[in-house]
1. Testing Gly382 on (1) open to solvent by less than 60 Å² (accessible area, probe 1.4 Å); (2) in a strand (DSSP E or B); (3) over 30 Å from Ala229 (Cβ atoms), one condition comes back false. Which one is that?
2. Go through the range 6-55 and give me each residue that's acidic (Asp, Glu) and open to solvent by 20 Å² or more (accessible area, probe 1.4 Å).
3. Which of the residues belonging to the range 87-105 are in contact with a Leu (Cβ under 7 Å, 6 or more places away or on another chain) and polar (S, T, N, Q)?
4. Starting from residues that are open to solvent by less than 20 Å² (accessible area, probe 1.4 Å) and out of contact with any Pro (no Cβ under 9 Å at 6 or more places or on another chain), keep the ones in the range 139-165 and report whichever is modelled with the lowest pLDDT.
5. So, of the residues in the range 124-137 that are under 33 Å from the mean Cα position of the chain (by Cα) and open to solvent by less than 70 Å² (accessible area, probe 1.4 Å), which turns out to be nearest to Ser172 (Cα to Cα)?
6. Taking the range 223-272 on its own, how many of its residues are touching a helix residue (DSSP H, G or I) at 6+ places or on another chain (Cβ under 7 Å) and aliphatic (A, V, I, L, M)?
7. Name the helices (runs of 4 or more DSSP H) wholly inside the range 1-91 in which the number of residues that are of a type in the set (D, E, K, R) is 1 or more.
8. Is it true that some residue in the range 104-121 is over 16 Å from Glu167 (Cα atoms) and modelled with pLDDT under 95?
Amino acid sequence: MAPLEISNRDARRLFLDVHALSLDGPEAHGETETLSLVRKLGFVQLDSINTVERAHHMILFSRAPGYRREHLSVLHHDHVALFEHWTHDASLIPIEFYPHWRHRFRAAKARIAANPRWQDRIGDDGAKVLRNVRRRLRNEGALMARDFEDKGAGGWWGWGPSKTALETLWRSGEVAIARREGFEKVYDLAERVIPEELRKARPSEAATADWACREALDRLGMATPQELAGFWRLVSIADAKTWTAGALKRGETVEVEVEGVNGERTRAVAPADIEERLARAAAPERTRFLSPFDPAIRDRKRALRLFGFDYRIEVFVPEKKRQYGYYVLPLMEGERFIGRADMKTHRTEGKLEMKGFWLEPGVKLTRAREKNIRAALHDLAGFAGVASIDADAALRLARGA
């Protein structure tokens, strides 16, 4: 049977719908709604950069204006509805997914043991350091890296042997992150953080591969094997290809050809009920700023292919080589990206500054559009906890005035 052809417009609407960008969350937004949103997304990436607002908070706020920072903290620290570990980066993940990370724990343990650089950081007597860290956690309870005397003695980002041991035990599943204090990890034994039934669950590698690919596809709408493998970073591309072939044979998925913004088509797979999903996908209406780490633009090639939006995070680019700026937020209007803004929150001054603003080719700054942009700035400033906005000069330049 010929692959189902999906137009670029339909593809964008479906993609934004599965990324929870089609409709805003309810005004009465609390921990329950936040947990539902994280489950819909699959995870929310953590990031320490606070130039405008930390990524995990802004990812949720851009979808649910009623979201508040304490919602995420309560879910992670108090309710243990989320756990912290790696996907493509450090993330908060629904706790019920924990059993599928056991294979990642095992792989991390083997990788660390074979990594000379990691062994250099823990020192010549790594076994002793690990025993000491385990003993202190068991006897004293949850600890941070700064609770150990050798904090900062290491040469790699200030890692000393004990910090390396904490990370070794966390990445291999023996230790969990109980909470964050000032964005600093608080480590504790996994048995005191993760519910016993989840710690003792033992899904097979095949079961985890099936879960990872199926759940990734549900959250992407349509995907190539490379995109399925990259979603959770739990399975290889080869495993994703094997799953894709099997799912097609079982009738769980169908082949599709997805039209890009330039008319080129990409072969992918989609859930068997893709046509129903396409019919349900709503067209977004609001103008909003997204975090540079937003999951909708995490895959830069896909963002360019679907939306014609060529975006790059420049926080790690030397200042003189940056094209736009240090912390540039994509600006979404409806189902397309219309621009980007170099932003900074000045908390001591109580001000949100738009340092630079660039419209995408062919986009004009009409009065109606500027009004919507200013409304989005007002919402963002309120969430960041500042009262004033400095955007007139940047918007004036964008108007060509």
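1. (2)
2. Passing the criteria: Asp10, Asp17, Asp24, Glu27, Glu31, Glu33, Asp47.
3. Listed by number, the list holds a single entry, Ser91.
4. Gly160
5. Leu130
6. Residues meeting the conditions: 12.
7. Values: elements: 8-18, 31-41, 55-61, 69-73.
The qualifying helices (runs of 4 or more DSSP H) are 8-18, 31-41, 69-73.
8. No: zero hits.
The values are calculated or read from the model by the stated rules, or taken from the named source; none is laboratory data. Keep in mind the model is a prediction, meaning the values are calculated, not measured. No Cβ is skipped: glycine too gets one built from the backbone with ideal geometry, and neighbour counts run over all protein chains shown. For the accessible areas, the whole protein counts, side chains as well, though only heavy atoms, and no ligand, DNA or RNA atoms are used. Shrake-Rupley method; radii C 1.70, N 1.55, O 1.52, S 1.80 Å.
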